[in-house]
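This report concerns only the one structure given below.
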Amino acid sequence: MLAATLLLPGLAAVTAVRAEEPPEGVIAFKYGDYRDSQPGWDRIRVHSPQLYVLAPFADTWSIEGSVVSDSVSGATPRMHTSRTGATPAMSDHRSAEDVKITRYFHRAAISLGGAYSGENDYVSHAQSVEARWSTEDNNRTFLFGFGHSGDRIDNTNSGGSVEDQHRQTREWMAGVTQVLTPNDLVQVQLTRSLGRGFYSDPYKDFDERPDSRRSTTTLLRWNHHVEPRDATLRTSWRYYSDSFGIRAHTLSAEWMQRYGAWTVTPGARYHVQSAAWFYFDPVADAHGVPDQLATQLRFGSISGYHSADQRLAAFGAVTLSLKVAYEFANGTTADVKLETYRQSSHLKPGGGSPLLDPFRASFVQLGVSHKF
Amino acid sequence: MLSGCAGWGHVEAWEKGNLAKPSMRLDADPLDTRFTQHVYTSKEAASGGGGVGGGGCGCN
C-alpha cells in the first residue's frame with residue numbers, strides 16, 4: 001500500500017502503481033460534457049463518456065484499458081477568432097481505446113502499452129514501453145519511458161483537400177519520484193518529443209506549418225499532506241518549449257479536503273504561452289476591430305510558414321474547478337466536477353497577441369468508480 | 001513532529017501512513033486527468049509532460 005504512492009505514473013494512463021505487486025482492481029465510468037464560446041457565439045460542444053478498467057491477475061500482472069467516445073458539434077473559426085470565417089455547423093465523432101499490460105517484479109515493473117484514436121479524418125496509433133524501479137527504502141523511484149505514434153490525416157471524405165498525410169512522433173521520458181518527508185512527495189519528469197510530418201490544420205485558411213516539431217517538457221509535481229486538517233495540497237508546474245517557438249508555463253494547485261466520506265476539492269490552473277514564430281496577427285481597421293479582408297491581403301504578402309490559429313497565439317488562461325466526491329462503504333465512489341476556463345490576451349503578463357476575442361469554456365464531469 | 005524525526009528524503013516505513021492516502025497519489029483520478037488534458041491539448045499549444053505513448057488526435 002505504501003509503495004503505491006511512491007512510483008511514477010504509467011504511460012498514457014498516468015496511473016500511479018506499486019512495483020512489487022499489482023494494484024487493486026478498479027472499474028470506473030465518467031461522463032464529460034464540454035462547451036465553449038466567444039462573445040455572442042456558442043462554438044463547440046462535446047459529449048464524452050469514458051470507461052476505465054484496471055485488473056490484476058496471476059499475482060504479478062495487471063492489465064488496464066479505457067475506451068472513450070467523443071461526439072463533437074458546433075463550429076470553429078477558419079482564421080483568428082472571426083465569426084464570419086467560421087466553418088458551417090459541423091459534427092464529428094472520435095473513438096479512442098488504449099490498453100497497457102504490466103509485469104511486476106520485486107522492486108520494478110515493466111509496462112507495454114498501445115493506443116488508438118480514430119476520427120473520419122484523423123487516425124492515430126501509438127505504442128509505448130515503460131520501466132520503473134524503486135530503491136530499497138522505497139523513498140525514490142526512477143522511470144524511463146519511450147513512446148511512438150503514427151498519425152494519418154485525410155479529410156477528403158468531408159470535402160477537404162488534404163489527402164493521405166502522415167505524422168510520426170517519438171517521445172522519451174525520464175523521471176524520479178522522491179519522498180521528502182512523511183507528508184511530502186515530489187516528482188520531476190523530463191520529456192523530449194521529436195515529430196515529423198504534417199502539422200498544418202486541414203480546416204483552417206492560411207495555415208501552413210513546419211513539417212517537424214521538437215519539444216521539451218519539464219513537469220514538477222509536489223503533494224503535501226496537511227495532517228491537522230486531513231487535507232492534501234496538490235501542486236504542479238510545467239514548462240514547455242518547442243521548435244514552433246512556443247514557450248509555456250502551466251501552474252496548478254488543488255486542495256483536497258476530506259469530511260468523513262466526502263471529499264471536496266477546489267482547484268485553480270494558470271497557463272501562459274508565447275506565440276509560434278509563424279503566427280501572424282490580424283489587421284485592425286480604423287476602429288480597432290479585426291478587418292478580415294485586410295488580414296487576408298496581408299497574409300498574401302507573407303511567404304513561408306504562417307498560421308492564424310488562435311491556439312498558436314500568445315495568451316494566458318485561467319481555470320477554476322470544484323470537485324465533490326462521496327465514498328460509499330463498499331468501495332464505490334461517486335463524484336461530480338465543475339470547471340470554468342477563460343483564455344485571453346489580457347491574462348498574459350505584458351499582454352498577449354492583439355485583437356483576439358476572449359475564449360470561454362465550461363466542462364462538467366460525472367463519475368462513478370468501484371474498487372475490487 | 002514526524003518531520004523532525006526523519007531526515008530530508010529519509011523516511012522510514014512506519015512514517016509513511018499519510019503518504020499512502022489516496023489523496024497523495026500523483027494521479028488520483030485517471031479519467032479526470034485524461035478528459036481535462038484532452039481539453040487543454042485541443043485549446044492550447046503546449047501539451048504532454050505526464051506520460052508518453054498517448055497518440056495524437058485531430059482536435060489540435
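Over segment A:2-371, the ratio between the Cα radius of gyration and 2.2 N^0.38 Å evaluates to 1.07. For segment A:192-321, the Stokes-Einstein estimate of translational diffusion at 20 °C and a viscosity of 1.002 mPa s comes to 120 µm²/s, using the Kirkwood hydrodynamic radius over alpha-carbon pairs.
Summed over qualifying helices (DSSP H, 4 residues or more, each -39500 (n - 2.57)) and divided by its residue number, chain A shows a 222 nm mean residue ellipticity of -500 deg cm²/dmol. Structure note, pairs A:Lys30/A:Lys204; A:Lys204/A:Lys337; A:Lys30/A:Lys348; A:Lys337/B:Lys21; A:Lys100/A:Lys204; A:Lys337/A:Lys371: Cα-Cα distances above 27 angstrom occur for A:Lys30/A:Lys204; A:Lys204/A:Lys337; A:Lys30/A:Lys348; A:Lys100/A:Lys204. Its relative contact order, with pairs defined as Cα atoms under 8 Å and 6+ residues apart, puts chain A at 13 percent. Rounded to the nearest Hz, the phi-derived 3J(HN,Hα) couplings of segment A:223-229 under the Karplus curve 6.51 cos²θ - 1.76 cosθ + 1.60 (θ = phi - 60°) are 10, 10, 8, 9, 4, x, 9, where x marks glycine and proline. Stokes-Einstein D for segment A:187-239 at 4 °C, 1.567 mPa s, Kirkwood Rh over Cα pairs, in µm²/s? Rounded, D is 89 µm²/s. Remark: the A:Asn157-A:His125 segment gains 9.5 nm on full extension, using 0.36 nm per residue and subtracting the alpha carbon distance. Take each peptide in A:155-161, A:318-324, B:40-46, B:26-32, count the other Cβ atoms within 10 Å of every residue, and average; sorted highest first, the result is B:26-32, B:40-46, A:318-324, A:155-161. Taking amide H atoms as placed 1.01 Å from N in the peptide plane, the amide H of B:Val52 lies under 5 Å from those of A:Ala12, each 5 or more residues away in sequence or on another chain. Legend: mean number of C-beta atoms from other chains within 10 angstrom of residue C-beta atoms, peptide A:269-278, equals 2. Here the calculated FRET efficiency for A:Arg107 and A:Arg214, from their Cβ-Cβ distance with R0 = 35 Å, stands at 0.55, rounded to the nearest 0.05.
Pairwise Cα distances in segment A:137-208 exceed 18 Å in 59 percent of cases. Taking amide H positions as modeled 1.01 Å from N, with prolines and chain starts lacking one, the residues under 5 Å from A:Phe315 and 5 or more places away or on another chain are A:Gln273, A:Ser353. Per-residue 3J(HN,Hα) values for segment A:326-337, derived from phi via the Karplus relation 6.51 cos²θ - 1.76 cosθ + 1.60 with θ = phi - 60°, read 10, 9, 7, 5, 8, x, 9, 10, 10, 8, 9, 9 Hz in sequence order (x marks Gly and Pro). Neighbouring Cβ atoms from other chains, within 10 Å of the Cβ of residues in A:46-53, number 3 on average. Magnitude of the charge dipole for segment A:2-371, about its Cα centre and with charges confined to Cβ atoms of Lys, Arg (+1) and Asp, Glu (-1), is about 680 debye.
Just in segment A:88-121: which chymotrypsin sites (Phe, Trp or Tyr not before Pro) are loop by DSSP and have at most 13 other Cβ atoms within 10 Å? Answer in residue order: A:Phe105.
I'd like the orientation of helix B:30-43 relative to chain B: the angle between its Cα long axis and the longest Cα principal axis, in ° from 0 to 90, rounded to 10. With both axes taken from Cα atoms, the answer is about 40 degrees. For A:Lys323, the aspartates and glutamates whose Cα comes closer than 15 Å to its Cα, not counting residues fewer than 8 places off in the same chain, are A:Asp33, A:Glu254, A:Asp335, A:Glu339, B:Asp27, B:Asp29, B:Asp32.
Amide hydrogen proximity for A:His80: with H placed 1.01 Å from N in the peptide plane, the residues at 5 or more positions away or on another chain lying under 5 Å are A:Ala308, A:Asp309, A:Gln310.
Only the coordinates and a few stated rules stand behind these numbers; no lab work does. These numbers were taken from a predicted model, which means no experiment stands behind them. Cβ: placed from backbone, ideal geometry, glycine included. Neighbour counts: every protein chain shown.
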